[in-house]
Amino acid sequence: MVFKVTEEAKKELINTLETRKNAALNFRVFVRGIGWGGPVFGIALDEQKDNDYTEAFGSGKIMVEKDLKDQFKSFEIDFMKNFFSKGFVVRSQYGGSRC
């Protein structure tokens, strides 16, 4: 299993899947930038591509480009909510920034 999803993130991801307007869109883990410790990962709704690794999740899928999967091996998806903001946090066990 490449994607480890926390219970809080599962609730939020399933809610997003249930309210999406385009059933062809699924969750994509991607590099959204570079921090002090390396890549910073994000998650967004996107269409599946030929070079994606996918895992079923609820009524949809979680995807990542095969090159990223090969480089970082696995990803943890969490949901953070505090006084200032809320959103998904994606980390890799094998590198990447926590900034």
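Can you pull out the residues in region 7-61 that are hydrophobic (A, V, I, L, M, F, W, C), closer than 22 Å to K73 by Cα and exposed (fewer than 11 other Cβ atoms within 10 Å of the Cβ)?
Initial filter on region 7-61 (hydrophobic (A, V, I, L, M, F, W, C)): 9, 13-14, 17, 23-25, 27, 29-31, 34, 36, 40-41, 43-45, 56-57.
When the remaining residues are screened for being closer than 22 Å to K73 by Cα, the result is 9, 13, 27, 29-31, 34, 36, 40-41, 43-45, 56-57.
Once the filter is applied, which keeps residues that are hydrophobic (A, V, I, L, M, F, W, C), closer than 22 Å to K73 by Cα and exposed (fewer than 11 other Cβ atoms within 10 Å of the Cβ), region 7-61 yields W36, A56.
Where in region 2-84 are there strands (runs of 3 or more DSSP E), lying wholly inside it, with at least 3 residues that are in contact (Cβ under 8 Å) with a residue 12 or more places away in the chain and not basic (K, R)? If you could, list the steps in order and put the result at the bottom.
On the way: elements: 3-5, 25-35, 38-47, 52-57, 60-65, 75-81.
Those strands (runs of 3 or more DSSP E) span 25-35, 38-47, 52-57, 60-65, 75-81.
How many residues are in contact with a helix residue (DSSP H, G or I) (Cβ under 7 Å, 6 or more places away or on another chain) and either assigned to a loop (DSSP other than H, G, I, E, B) or over 12 Å from V5 (Cβ atoms) (or both) when one looks only at region 85-99?
Counting residues in region 85-99 that are in contact with a helix residue (DSSP H, G or I) (Cβ under 7 Å, 6 or more places away or on another chain) and either assigned to a loop (DSSP other than H, G, I, E, B) or over 12 Å from V5 (Cβ atoms) (or both) gives 4.
In region 62-99, which residue that is under 25 Å from L17 (Cα atoms) and polar (S, T, N, Q) is most open to solvent (accessible area, probe 1.4 Å)?
The residue in question is N82.
The values are calculated or read from the model by the stated rules, or taken from the named source; none is laboratory data. If you're wondering where the values come from, they're calculated on a predicted model, not measured in any experiment. Positions of Cβ are generated from backbone atoms using ideal geometry, with glycine treated the same way; all protein chains shown enter the neighbour counts. The accessibility values were calculated without ligands, DNA or RNA, using every heavy atom of the protein model including side chains. Shrake-Rupley method; radii C 1.70, N 1.55, O 1.52, S 1.80 Å.
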